[in-house]
Amino acid sequence: MNEADVRERLADVEDPDLGDDIVSLGLVNDVAVEADEGGAGGTVHVSLALGAPFSPHESGIAEDVRAALADTGLDVELSASIPDELDADEQVLPGVKNVIAVASGKGGVGKSTMAVNIAAGLSELGARVGLFDADVYGPNVPRMVSAEERPQTDGETIVPPERFGVKLMSMDFLTGEDDPVIWRGPMVHKIITQLVEDVEWGELDYLVMDLPPGTGDTQLTILQTLPLTGAVIVTTPQEVALDDAVKGLRMFGKHDTNVLGIAENMAGFRCPDCGGFHEIFGSGGGKALAQEHELPFLGGVPLDPAVRTGGDDGEPVVLEEGETADAFRVIVENVANNAGVVRRREVSGER
């Protein structure tokens, strides 16, 4: 086996999202065949341009690569990286592979709940994850995960605490418990920029940004400062929430930011007494919004008291068992898969 032989076999591996084989798409960075002494056996090293660690579809591509080379008699060693010239995140957040914004057009739709469960769900898959609570006026992520540990600092950098395998940073850590935050736009820009630069995130596969509701100064600062992999738009089924969600879509569109999809919260309620399913806020709104704008529908999460309480000790529901946990896990996997699509399209030249 030589490099050409290996690439010929890899040409049979299809990308499940981009509709072509990984060689034609330019997703094979490098191939090296290393023979053992004596010529019997050896190792084939394959570097793949995969950018969404632990996404089910990219894990599937890696498995298909191994299967394509299984009968060669060679050990297969895989690595994954996006070419340096495309990995702009390195310039702003060294070591962070993907920045994912979770946004909504209005408050009260469960955006922070979605951000917490996406972050915890990605960590549960095996990824290295950070969660940045960027809602400077109403930060509540630490309460939602019962984070009692505060960030540590050496005077220059801030070391974020960790909860459920997720590194956390929030304005709630930096203000008094009952202190109101009354800041104008330039102050918001300064504190967000400073936190991005001064927090020691280390090596992360995903940094989830919980944005405040609406389309104000914080959102604009993040859009202008960070090269986002994409955004998740959270809505509820009723028309008022959908109207506001469209505003969020337009904001990301104006800044050429990919939208990974629409997630619907409060998508019905299953009565624990009668077992009936009640669509309190209507039905199908999030899916219809996604279809109208030709965007992926990431999934819907039902109304569930466990989401409000966060389980025992503030544990995110996605880490538990049951219908609601399964619904969050579907969204988590879809977010990771769609982030992978964005990164692989960058490599293949598709937009």
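Matching residues to (1) modelled with pLDDT of 85 or more; (2) open to solvent by 40 Å² or more (accessible area, probe 1.4 Å); (3) outside any strand (DSSP E or B):
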| residue | (1), (2), (3) |
| --- | --- |
| 232 | yes, no, no |
| 237 | no, no, yes |
| 242 | no, no, yes |
| 248 | no, no, yes |
| 273 | no, yes, yes |
| 281 | no, yes, yes |
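State all residues of segment 320-351 that are in contact with a strand residue (DSSP E or B) (Cβ under 8 Å, 6 or more places away or on another chain) and among the charged types (D, E, K, R); if no residue qualifies, say none.
323
Would you confirm whether any residue within segment 37-56 is modelled with pLDDT of 95 or more, assigned to a strand (DSSP E or B), small (Gly, Ala, Ser) and more than 30 Å from residue 168 (Cα to Cα)?
Among the residues of segment 37-56, at least one is modelled with pLDDT of 95 or more, assigned to a strand (DSSP E or B), small (Gly, Ala, Ser) and more than 30 Å from residue 168 (Cα to Cα), which makes the answer yes.
Can you tell me which condition residue 67 does not meet? The list is (1) in contact (Cβ under 8 Å) with a residue 24 or more places away in the chain; (2) surrounded by fewer than 17 Cβ atoms within 10 Å (Cβ to Cβ), and all the others hold.
(1)
Note down all Cβ pairs under 7 Å where the first residue falls in segment 328-350 and is among the hydrophobic types (A, V, I, L, M, F, W, C), the second is surrounded by fewer than 19 Cβ atoms within 10 Å (Cβ to Cβ) and not in a helix (DSSP H, G or I), and they're at least six residues apart or on different chains.
From segment 328-350, the pairs are 341/17; 347/26; 347/83.
If I ask for residues that are at pLDDT 80 or above and crowded, with 20+ Cβ neighbours inside 10 Å, which ones from segment 202-227 would you list?
Result: 204, 205, 206, 207, 208, 209, 210, 211, 226.
The values are calculated or read from the model by the stated rules, or taken from the named source; none is laboratory data. Bear in mind the structure is a predicted one, so any value in this text is a computation, not a measurement. With ideal geometry, Cβ positions are generated from the backbone for all residues, glycine too; neighbour counts draw on all protein chains shown. Surface accessibility is based on the protein's heavy atoms, side chains included, excluding ligands, DNA and RNA. Shrake-Rupley method; radii C 1.70, N 1.55, O 1.52, S 1.80 Å.
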